[in-house]
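Every read-out reported here was derived from the displayed coordinates using simple, explicitly stated rules and does not represent laboratory data. Note that the structure is a prediction, hence the values are computed from the model and not measured. Cβ placement follows ideal geometry from the backbone for every residue including glycine, while neighbour counts extend to all protein chains displayed.
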Amino acid sequence: MEVVIRADPDEVGRTAADVLEPAVRAGSVIGLATGASPGPLYDDLRRRHGEEDLGFAGCRGFLLDEYVGLAADHPQSYAAVIRRELADAVGLAVEGPDGRARDLVAACERYEAAIDAAGGIDVQVLGIGTDGHLGFNEPSSSLASRTRPKTLTPQTRADNARYFASRDDVPVHVLTQGLGTILQARHLLLLATGPKKAPAVAAALEGPVTTSCPASVLQLHPHVTVLLDEPAAAELQRAEYHRFTAAHKPSWQGW
Ligand code: F6R
């Protein structure tokens, strides 16, 4: 696991774009998180598309998760968010699990099959919840779970209420790639910024691998890049080591 600490969210976003750019140029399958954490990354990818000829031809996108019951054109459905924040601007085709399906379990099975048929996800962009969730795999999620419906914790609904008129408007249910699904992506790219993420980041990176902190499953993956800003890294015991490692990153080493 490579942990890189940057000064602020914009620097995290620029570094994340550096990590993703070769995959984009190679026409990769990219897993996409939504929420605040990847915002600066998507801003920089749009900029590189416009100013630096970064083409997304041949790439495909797969959403990490989706709310259940929101209309596809609801501004907070993750399909709509990713269209607005990235896909429409760069011409990227993105699929997501169908949160409006009559049979949600079958929709999740179809989504797993679609990811498989695309050859699997090459790089998966991830955020982390204040309760340690990864995707919408809330604490107690099986570390081997596949895409399925889940119930959000009150904490996650409170965290996401800022995007809705009220907390009651935040859907209770979601469809999310499972932790086992996420672990199958070839490269995981976790972005976390701000002081509220510091306890969850420390638990995920330095605590035990446990369903109580779903993001701790990252410790089981052979290729993980974690990009943090200083406040999100504030509770890491090994922050100094990560800074030392980044300062001595060999020129031959990619991401
Ligand atoms: C979003 C997702 C969630 C978020 C997490 C952090 O697709 O899967 O796990 O990444 O809730 O959200 P932000 O980035 O808004 O703090």
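General remarks:
- Value of Rg/Rh across the stretch 1-126 [Cα atoms, Kirkwood radius]: 0.97
- Projection of the Cα convex hull of the stretch 165-241, averaged over all directions and equal to a quarter of that hull's surface, yields 6.5 nm².
- For the listed peptides 127-137, 9-19, 240-250, 154-164, a ranking on the average number of other beta carbons within 10 Å per residue, highest first, reads 127-137, 9-19, 154-164, 240-250.
- For the chain: relative contact order, % (alpha-carbon pairs under 8 angstrom, 6 or more apart): 24 percent
- Percent RCO, i.e. relative contact order, over the stretch 1-86, from Cα pairs under 8 Å lying at least 6 residues apart: 31 percent
- Pairwise FRET efficiency - residue 249 versus residue 110, Cβ, R0 = 45 Å, nearest 0.05: 0.65
- Each peptide in 60-70, 142-152 was scored by the mean count of other Cβ atoms within 10 Å over its residues; highest first, the order is 60-70, 142-152.
- Looking at the chain, the pairs of alpha carbons with a distance over 25 Å make up 39% of the total.
- Gained length - residue 36 relative to residue 76, 0.36 nm times residue gap less alpha-carbon distance: 13.2 nm
- Separation of the stretch 12-62 and the stretch 133-181, taken as the distance between their Cα centroids, equals 24 angstrom.
- Helical content alone sets the calculated 222 nm signal of the chain at -9000 deg cm²/dmol, taking -39,500 (n - 2.57) per DSSP H segment of four or more residues and averaging over every residue.
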